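The values are calculated or read from the model by the stated rules, or taken from the named source; none is laboratory data. The structure presented is a predicted model; accordingly, all values stated were derived computationally and were not measured. Using ideal geometry, Cβ is built from the backbone for each residue, glycine included, and neighbour counts are taken over all protein chains shown.
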Amino acid sequence: MSNKALVDGLNKVLADTFELYFKTHSFHWNVEGPNFKGLHELFELQYNELWAATDEIAERIRTLGAYAPNSWTEMAKNASLQETGQTPDYKAMVEILANDNIAITETMKPVLSAAQDAGDEVTADLMIQRMAVHEKAAWMLRSSAKG
């Protein structure tokens, strides 16, 4: 896989990370229900981590010699995660975020494979670290929703 293909894959990962960041942050603002405090705090931890990750991913794109997206339009065209477009109840919020955290790992798998094939250990390591974060986030979300 060429550097361009790796960058294209990283742009998709960045776009999905940004979409998940925004969704998590908006759910933090709007969550209600019996576990308000716990979910409000969990969403905050997760959106802060996601925000930091967007910088790390964009800087990897720059390290590979490309420019990171500089408009929401450019970012959005690469996203596979969908906007919610509504304020669901807390149970749906948890399920949506858990599913999106798993879905984003699917966006990362071809980038990981391509990076490994290209001998790009730094990008491969970044994808492995990010996948671990998202798998743990999904577990934490699903565990917090059990009654």
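Among the residues of segment 1-29, those identified as surrounded by fewer than 15 Cβ atoms within 10 Å (Cβ to Cβ) and in a helix (DSSP H, G or I) are 3, 4, 5, 29. Within segment 66-77, none of the residues are surrounded by 12 or more Cβ atoms within 10 Å (Cβ to Cβ) and polar (S, T, N, Q).
Restricting segment 42-80 to residues that are at pLDDT below 95 and part of a helix (DSSP H, G or I), the residue that is farthest from residue 130 (Cα to Cα) is 73.
Only one of the numbered conditions (1) more than 18 Å from residue 18 (Cα to Cα); (2) surrounded by 14 or more Cβ atoms within 10 Å (Cβ to Cβ); (3) free of Cβ contacts under 8 Å to residues at least 60 places away in the same chain is violated by residue 131, and that is (1). Of the residues making up segment 56-98, those that are of a type in the set (S, T, N, Q), closer than 25 Å to residue 143 by Cβ and under 17 Å from the mean Cα position of the chain (by Cα) are 82, 84.
Out of all the residues in segment 109-117, is one or more of a type in the set (Ser, Thr, Tyr), in contact (Cβ under 8 Å) with a residue 12 or more places away in the chain and either assigned to a helix (DSSP H, G or I) or exposed (fewer than 15 other Cβ atoms within 10 Å of the Cβ) (or both)? No, that holds for no residue.
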